[in-house]
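**Student:** Take this structure, written in structure tokens, and hold onto it; I'll ask about it next.
The values are calculated or read from the model by the stated rules, or taken from the named source; none is laboratory data. Since we're looking at a predicted model, the values are computed, not measured. Neighbour counts run over all protein chains shown; Cβ positions are idealised from the backbone, glycine included. To get the accessible areas, we keep the full protein, side chains included, count just its heavy atoms, and leave off ligands, DNA and RNA. Shrake-Rupley method; radii C 1.70, N 1.55, O 1.52, S 1.80 Å.
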Amino acid sequence: MEFSILAESFNKMEATRKRLELTQFLVELFEKTPHDVISKIVYLIQGKLRPDFEGIELGVAEKLAIRAISKSSGIPIKKIEDEYRKSGDLGHASSIILEQKTQTTFLVEDITVERVYETLFKIAKLGGSRSQDMKMKYISSLLNDATPLEASFILKILLGTLRLGIAENTVMDALAIAFSGTKENRKKLQYAYNVSSDLGKVAETIATKGLDGIEKFEIILFNPIRPMLADRVKSEGEAIEKMGDEFAAEYKLDGERVQLHIEGDKVALFSRSLENIESYYPDIIEKIPKNIQADNIILEAEAVAINENTGEFLPFQELMHRRRKYKIEKAVTEYPITVNFFDILYCNGKSCVELSYKERREKLEKHVKQDEFAKYIPMSIVKNENEIEDFMENSINAGSEGLMLKMLDKPYQAGSRGSHWLKLKREYRNELGDSLDLVVIGGFFGKGRRTGNYGTLLLATYDEDEDTFPSICKVGTGFSDESLDQLYQILHPKVSIKKNPRIISEMEADVWFEPELVIEIVASEITLSPIHKAAKDVIRKDAGLALRFPKFTGKIRVEKAVEDASTNEEVITLYKGQKKIAHEKNLM
Ligand code: AMP
């Protein structure tokens, strides 16, 4: 397939933010795409080469790209840098520069999507000392044959600055329309995506095998399954109302969610946001296969830091010490953990997600052996408020956050947040001592002791309907010097020149970040706001919701994907709950 078709399509997509229009452009593109390249196109649309969990990163530095542009065009580096400074986007600058190209190439081959993809793949795989020269060779050979428009998109993909603002849901809408005639079939695609986390594979399946293939889609060992999530409840009474007469209560441990795929000695570990996290947990890789009594298995567990002397659970923050590239062995002995299993999703070649909670728990206990390192998460079947309270007490005393409540007869719903699982945290009982998980979207430079850091951050909720991040508050308190440094290290590489179209805010932040990081916030109250955009127009026309006196709790939730942040719905519920409490107090 000619790369020019893709470049022209990207060009149109970049010019709009409207979801309907983007969907239409995608449908047109998919209809022109041969089936054997559709997966590649889907990854490229998302600015990737493969699904995230494979961890393939392009990692080309701007300097190298500038040298490659200069090499293939004959235009001096200084001139390219000047143009880049003017436009703020190297892809765009390169298209202007290449219009003025002085060096002519005699034999210009049409470039194809396949060629661009293969070359980018080779670049991503290159490592070692000689890799820079090789990368440059590959890039300039592509640029030699590219038109200015094509070159600009090749560079954007290479530099990771292609930001079409297309959400996964929009891609699935377009696939459903293009290959089944109606958006209604999106749900079927969604299932396939939820159990494979691989949108390219989903696209290829519907394109080559139609809906039939999608309906037969199966879990693939070593492809992560998108996690099931829980709604929150504020009290035991509310839980009983929602869960019925009898349900399971499990400790809600404050660690890192780990999805384990095991076959023999081969182990893969995925985080909640489906990153590959094997390197942080060599102890899990080494020890857990011995506990498995099955040919192959997919399990979910919470890895929790423990105090080795008392066996007490320690907070999530302790695990942050394991997120390092070097000396991981030292971190493993200094910050010991236990692995606490709570679900089984696949066993001996068969999916378990359709089984009820009760059946899954039995299966889990049958196929996983416990020992000092591997445990089942403590669970009790509860029937009334007293029993929940007692179990909550035990859970808090053991050092965990609260309880997860799970319906006994329900299946595992991959990739969705629903009322079959509820979380009840101790802290929710305070009026708005509730913590929220918010997305960092912007930053303001600090003054005084905070010079050189982001002293204040702009935060957003997740709007599930629109798939956007509307602002809800600025936060400047609760930061220690250490956390400010840590946040700077994480956020600095996420700075983007253009505000990502999924960010909804009219504030003038000093810098905009790609919405990729979640942090935990407490606040005293939720108020109506003319400035912030969370749940805009829902409670009152032209007003959004904002947090009053927000404070950072110290928890950087690196394990969370931004789509797992607190949603508009959750904030609206909290706002209404707060009104109710105020009303009840006035009546007293
Ligand atoms: P939250 O991060 O507050 O939305 O809570 C959901 C997270 O709690 C999950 O992603 C898990 O990492 C964690 N968790 C702790 N204990 C359990 C449990 N028993 N069942 C499911 N998830 C748990």
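**Student:** Dividing the convex hull volume of the Cα atoms of segment 75-232 by its residue count, what figure in Å³ per residue is obtained? Intermediate results must be reported in sequence, preceding the final value.
**Tutor:** Working: hull volume 31.2 nm³, N = 158.
Convex hull of Cα atoms, per residue: 198 Å³.
**Student:** Could you tell me which of rounded, prolate or oblate describes segment 48-159, using a ≥ b ≥ c as the square roots of the eigenvalues of the alpha-carbon gyration tensor, with rounded for a/c under 1.5 and, failing that, prolate when a/b is larger than b/c and oblate otherwise? If you can, show how the numbers build up before the last one.
**Tutor:** Details: a/c = 1.63, a/b = 1.41, b/c = 1.16.
The shape class here is prolate.
**Student:** Straight distance only, please: which aspartates and glutamates reach the Cα of Lys290 with their own Cα at less than 14 Å, same-chain residues fewer than 8 apart left out?
**Tutor:** Filter leaves Glu263, Asp265, Asp371, Glu372.
**Student:** Checking the a/c ratio against 1.5 first, then a/b against b/c, what shape does the Cα gyration tensor give for segment 229-429?
**Tutor:** oblate
**Student:** Quick one: helix 62-73 against the long Cα principal axis of the chain, what's the angle to the nearest 10°, folded into 0 to 90?
**Tutor:** Orientation of helix 62-73: about 20 degrees from the principal axis.
**Student:** Further question on the same structure: Please report the accessible area of Cys473 (heavy atoms, 1.4 Å probe, ligands and nucleic acids excluded) in Å², nearest 10.
**Tutor:** That residue has around 0 Å² of solvent-accessible surface.
**Student:** Report, in deg cm²/dmol and to the nearest 500, the calculated mean residue ellipticity at 222 nm for the chain, where each DSSP H run with n ≥ 4 adds -39500 (n - 2.57) and the sum is divided by the residue count. Before the final figure, lay out each step's value.
**Tutor:** Details: 19 runs with 224 residues, N = 588.
Helix contribution divided over all residues of the chain: -12000 deg cm²/dmol.
**Student:** List the aspartates and glutamates whose Cα lies under 12 Å from the Cα of Lys499, skipping any in the same chain that are fewer than 8 positions away.
**Tutor:** Partners within reach: Glu508, Asp510, Glu514.
**Student:** What are the residues whose amide H is under 5 Å from the amide H of Ala543, where those residues sit 5 or more places off or on another chain and H is modelled from the backbone?
**Tutor:** Those qualifying (amide H under 5 Å, at least 5 residues apart or on another chain) are Asp537.
**Student:** Separate question: Restricting attention to segment 352-422, which GluC sites (Glu not before Pro) occupy a DSSP loop and are surrounded by at most 16 other Cβ atoms within 10 Å? Display every interim value, and only then the final one.
**Tutor:** Numbers: sites: Glu354, Glu359, Glu362, Glu365, Glu372, Glu385, Glu387, Glu389, Glu393, Glu401; in loops: Glu354, Glu372, Glu401.
Here the GluC sites (Glu not before Pro) that fit, given the DSSP loop and packing criteria, are Glu354, Glu372.
**Student:** Give the angle, between 0 and 90 degrees and rounded to the nearest 10, that separates the Cα long axis of helix 481-491 from the longest principal axis of the Cα atoms of the chain.
**Tutor:** On a 0 to 90 degree scale, this one is about 50.
**Student:** Right, something else. Pairs Lys325/Lys410; Lys383/Lys555; Lys12/Lys183; Lys78/Lys474; Lys18/Lys48: which are spaced more than 28 Å apart, C-alpha to C-alpha? Numbers along the way, then the final one.
**Tutor:** Numbers: Lys325/Lys410 40 Å; Lys383/Lys555 33 Å; Lys12/Lys183 22 Å; Lys78/Lys474 39 Å; Lys18/Lys48 22 Å.
Where the Cα-Cα span goes over 28 Å, the pairs concerned are Lys325/Lys410; Lys383/Lys555; Lys78/Lys474.
**Student:** I would also like to ask the following. For the pairs Lys40/Lys536; Lys63/Lys201; Lys234/Lys406, flag any whose C-alpha to C-alpha distance is greater than 26 Å. Write out the running numbers ahead of the final one.
**Tutor:** Numbers: Lys40/Lys536 37 Å; Lys63/Lys201 34 Å; Lys234/Lys406 15 Å.
Those over the limit are Lys40/Lys536; Lys63/Lys201.
**Student:** Please work out the average accessible area per residue across the chain, using the 1.4 Å probe convention, and give it in Å². The partial results should precede the final answer.
**Tutor:** Details: 26430 Å² over 588 residues.
Counting only protein heavy atoms, the per-residue value for the chain is 45 Å².
**Student:** Okay, next question. Tally up the carbon and sulfur contribution to the accessible surface of the chain as a whole percent, 1.4 Å probe, everything protein left in place.
**Tutor:** Details: 12730 of 26430 Å².
Carbon with sulfur: 48 percent of the solvent-accessible area.
**Student:** Okay, next question. So what are the ³J(HN,Hα) numbers for segment 292-305, from phi and the Karplus equation (6.51, -1.76, 1.60; θ = phi - 60°), rounded to whole Hz, Gly and Pro as x?
**Tutor:** Once rounded to whole Hz, the list reads 9, 10, 6, 5, 8, 7, 10, 10, 10, 8, 10, 8, 10, 6.
**Student:** Once you sort the root eigenvalues of the Cα gyration tensor of the chain as a ≥ b ≥ c, which label holds: rounded (a/c under 1.5), prolate (a/b larger than b/c) or oblate (the other case)? Don't skip to the answer; put the middle values down first.
**Tutor:** Numbers: a/c = 1.68, a/b = 1.43, b/c = 1.17.
Prolate, because a/c is 1.5 or more and a/b exceeds b/c.
**Student:** Another question, then. Would you mind checking the tilt of helix 148-159 against the longest principal axis of the Cα atoms of the chain, expressed as 0 to 90 degrees and rounded to 10?
**Tutor:** 40 degrees
**Student:** Net charge within 10 Å of Val42 by Cβ-Cβ distance, Lys/Arg positive one each and Asp/Glu negative one each, not counting Val42 itself? Kindly include the intermediate steps, with their values, before the conclusion.
**Tutor:** Values: positive: Lys40, Lys48, Lys201; negative: Glu168, Asp198, Glu204.
With Lys, Arg at +1 and Asp, Glu at -1, the neighbours total 0.
**Student:** In the full protein assembly as shown, how much of Ser380 is accessible to a 1.4 Å probe, in Å² to the nearest 10?
**Tutor:** Ser380 has an accessible surface of roughly 40 Å² with all protein chains in place.
**Student:** So how do Arg272, Arg324 rank on accessible area, 1.4 Å probe, biggest first, that is with the largest at the start?
**Tutor:** Working: Arg272 40, Arg324 80 Å².
Of Arg272, Arg324, the descending order of accessible area is Arg324, Arg272.
**Student:** Run through the DSSP bridge list for segment 435-587 and note the antiparallel percent, rounded to the nearest 5. The partial results should precede the final answer.
**Tutor:** Values: 29 of 32 bridges.
The answer is about 90 percent antiparallel.
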